[in-house]
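J.: Pasting in a structure now, in structure tokens, and then I'll have a few things to ask.
All of the numbers you see were taken from the coordinates with simple rules; none came from a lab. Here the structure is a predicted model, which is why all the values come from computation and not from measurement. Cβ: placed from backbone, ideal geometry, glycine included. Neighbour counts: every protein chain shown.
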Amino acid sequence: MGQDRDGPSEGASTPLPARVPRLGRGLLLSVVFLVLTLAGVSLVSDLGQLGGLAQTFDRRLLLPIFLLAPANYVFRYYKWTFLLRRAGLRVPPGPSLTIFLAGLSMTVTPAKAGELIKTHYLKEILGVPYAVSTPVVVAERILDSASVLILALAGASAGIGAVAGRTGVDYATYIVSASAIGLALAVFLLRSRRGLKWFSGLVRHLPGVGQSLAEFVEAFGAGSRQLLDPRTFVWCTLVGILSWSLEGLVVYLTLAGLGQVSPPLLGVFVVALASLAGAVSLLPGGIGAAEATIFGLLVLYGFPRAVAGATTIVTRAATLWLGVAIGAVALALAEREVGRRRRMSRQSGRPQG
């Protein structure tokens, strides 16, 4: 099963039926949002000027731009394996990488909640109970949010937001404050023994599923406290700061390719704030909110609308849609592995997982 510790009780390791997100429906909705967003960005940027910028763009920078996001994934994969080990799991590198990358296909879901699909594949491929794997995915999202929040605060402290004027400062303050409050509440609740114990006792009285759900909550709480302890929180947040800074450099290099000069920290600040805005909006993949943030901040910073529009399109292609494409391939591989294991299970006459 890939565990090197005693698992939770039998009830906790037999979770409620998992609801795996429907990729086709989610992607279709996201594509609709994408088309509308790109149309909006193009209209406010002037299509004619966008075409001219595309012709003059320094194409030597395209490869570095589109390698920065995969470089981010390398650090995030390290953090993923680190959290799995902290949860007492020893997952083989091959399946671990496939499952991690498959989660990227779900970054187009609201607040990236669809990345919980990784718990499904850990269960189906390696037999890991949901109560053990769910805290890993949740902690991963929380720690990513902490890293991005710190990057946004660093940019604001360096005066990047102030250059964008009062509107930029107010917008950044709202997004950062909302994100900080949400993050603090999530960490507090997940580490609160009393709160989770109260919630466990509450759901235990539900007819039919109460006992198994209560045991799941208790196991989930224990896992969350372990994964969000101070040492793990600090180390993973530092790794996240490095990895998410790479995506900020996409903005910097794109602006350079368009012949514009900008401080590297501007790109980091813009991408961090766009990521937080997308999460706060709860839109699929933050589509619309993230693009509006990138475009708006660059315009407020003083760049021409066409430059801001082109930078927005390239940044989202490199930091979102490239990951979705990589994730879709990994998702297909994961589904194939699940199918193979189910066929083997039927042939041997043993139940799966």
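J.: Check the stretch 285-306 and report whether any residue there is farther than 18 Å from Ala256 by Cα and out of contact with any helix residue (DSSP H, G or I) (no Cβ under 6 Å at 6 or more places or on another chain).
T.: yes
J.: Only residues that are charged (D, E, K, R) and not in a helix (DSSP H, G or I): list them for the stretch 170-219, please.
T.: Arg204
J.: Here's another thing I want to ask about it. Of everything in the stretch 100-114, what is farther than 15 Å from Tyr73 by Cα, assigned to a helix (DSSP H, G or I) and touching a residue at least 40 places away in the same chain (Cβ under 8 Å)? Give them in sequence order.
T.: Once the filter is applied, which keeps residues that are farther than 15 Å from Tyr73 by Cα, assigned to a helix (DSSP H, G or I) and touching a residue at least 40 places away in the same chain (Cβ under 8 Å), the stretch 100-114 yields only Gly114.
Residues are listed down the side, and each one gets a yes or a no for (1) of a type in the set (Lys, Arg); (2) buried (at least 22 other Cβ atoms within 10 Å of the Cβ); (3) at positive phi:
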{"site": "Gly52", "(1), (2), (3)": "no, no, no"}
{"site": "Phe57", "(1), (2), (3)": "no, no, no"}
{"site": "Ala71", "(1), (2), (3)": "no, no, no"}
{"site": "Arg85", "(1), (2), (3)": "yes, no, no"}
{"site": "Ser105", "(1), (2), (3)": "no, yes, no"}
{"site": "His120", "(1), (2), (3)": "no, no, no"}
{"site": "Pro129", "(1), (2), (3)": "no, yes, no"}
{"site": "Val132", "(1), (2), (3)": "no, yes, no"}
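J.: Oh, and also: Being in contact with a Leu (Cβ under 7 Å, 6 or more places away or on another chain) and outside any helix (DSSP H, G or I) is the filter here; which residues of the stretch 240-260 pass it?
T.: The answer is Leu258, and nothing else.
J.: Of the residues that make up the stretch 195-216, is at least one under 25 Å from Val138 (Cα atoms), within 21 Å of the chain's Cα centre (by Cα) and buried (at least 17 other Cβ atoms within 10 Å of the Cβ)?
T.: There is no residue in the stretch 195-216 that is under 25 Å from Val138 (Cα atoms), within 21 Å of the chain's Cα centre (by Cα) and buried (at least 17 other Cβ atoms within 10 Å of the Cβ).
J.: Of these, Gly221, Gly285, which one is at positive phi and not hydroxyl-bearing (Ser, Thr, Tyr)?
T.: Gly285
J.: Go through (1) of a type outside the set (S, T, N, Q); (2) outside any helix (DSSP H, G or I); (3) surrounded by 21 or more Cβ atoms within 10 Å (Cβ to Cβ) and name the single condition Phe303 misses.
T.: Failed condition: (3).
J.: Please pick out the residue among Thr254, Thr311 that is crowded, with 17+ Cβ neighbours inside 10 Å and under 22 Å from the mean Cα position of the chain (by Cα).
T.: Thr311
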